[in-house]
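Undergrad: One structure, pasted below without further comment.
What follows draws every value from the coordinates through simple rules; no lab data is involved. Owing to the predicted nature of the structure, the values given are computational and were not obtained by experimental measurement. Virtual Cβ from ideal backbone geometry, glycine too; neighbours counted across all protein chains shown.
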Amino acid sequence: MTESFGFIDQERLTQSLKQMDYLILQLLMQNQMRERQTAMQIAWTQEFLKYFGMVFASTNSLLSGVFYIAIKKKNPGVLLPIVPLSFVFAYQYDMGCGTLLQRIKGEAENILDTQSTLLELLKGSLTYEVLEKISNSQSKFFIEK
């Protein structure tokens, strides 16, 4: 038995409030998961940087002999592998210990503000009708089995 207060049905109002609470909790959980995934990515980058830094340093110490050979034989082509390794090391260092993430966040905010067409979903944005259609087709699939 429901009591009506004017145009508002008490049962519907409480159901709507419960749904809003559920949606808010879902959004909070999504945000927590995003933060944890970002933290994991940063931690992975920092660990990778440690290992790559050791490889880079040991390679460069071994390359001191290569420097000597390159100068003695007047063949600087031997030193070419150092250039790409230096860029990879600099990128990983900036990602793990530098300001790369802040610059990426700033660029992402710029994209959100000025280039939002890049973010449009395929086949347009989701609507309630589309979600309901998908839900109905999935429920029919499970009922048939």
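Undergrad: Could you tally the net charge around GLN115, taking each other residue with its Cβ under 13 Å from the Cβ of GLN115, Lys/Arg +1 and Asp/Glu -1?
TA: -4
Undergrad: If R0 is 41 Å, what FRET efficiency do you get for LYS74 and LEU100 from their C-beta distance, rounded to 0.05?
TA: Efficiency computed from Cβ-Cβ geometry: 0.60.
Undergrad: Something else about it: In whole Å, what are the extents of the chain along the principal axes defined by its C-alpha atoms, from largest to smallest?
TA: 96, 36, 34
Undergrad: Among MET33, MET20, MET54, which one moves the most in a GNM of the chain with springs linking Cα atoms closer than 10 Å?
TA: In the Gaussian network model the winner is MET20.
Undergrad: Quick one: 3J(HN,Hα) in Hz for the range 83-91, Karplus 6.51/-1.76/1.60 with θ = phi - 60°, rounded, Gly and Pro as x.
TA: 4, x, 4, 5, 5, 5, 4, 4, 5
Undergrad: Sort VAL66, VAL130 so the one with the fewest other Cβ atoms within 10 Å of its own Cβ comes first.
TA: VAL130, VAL66
Undergrad: Taking 0.36 nm per residue of sequence separation and subtracting the Cα-Cα distance, how much length would be gained by fully extending the chain between ALA39 and ILE24, in nm to one decimal?
TA: 3.1 nm
Undergrad: Given the range 41-119, report the % of alpha carbon pairs whose separation exceeds 14 Å.
TA: Summing the P(r) tail past 14 Å for the range 41-119 gives 71 percent.
Undergrad: With Cβ to Cβ distances under 12 Å as the rule, what net charge do the other residues near MET29 carry (K, R +1; D, E -1)?
TA: +1
Undergrad: I want to verify a result. In a Gaussian network model of the chain, Cα cutoff 10 Å, which of these has the top mean-square fluctuation: GLN46, GLN19, GLN32?
TA: Sorting by GNM fluctuation, first place goes to GLN19.
Undergrad: Still on this structure: Give, rounded to the nearest 20 debye, the magnitude of the charge dipole that the chain has about its Cα centre when Lys and Arg contribute +1 at Cβ and Asp and Glu contribute -1 at Cβ.
TA: Charge dipole of the chain: 1140 debye, to the nearest 20.
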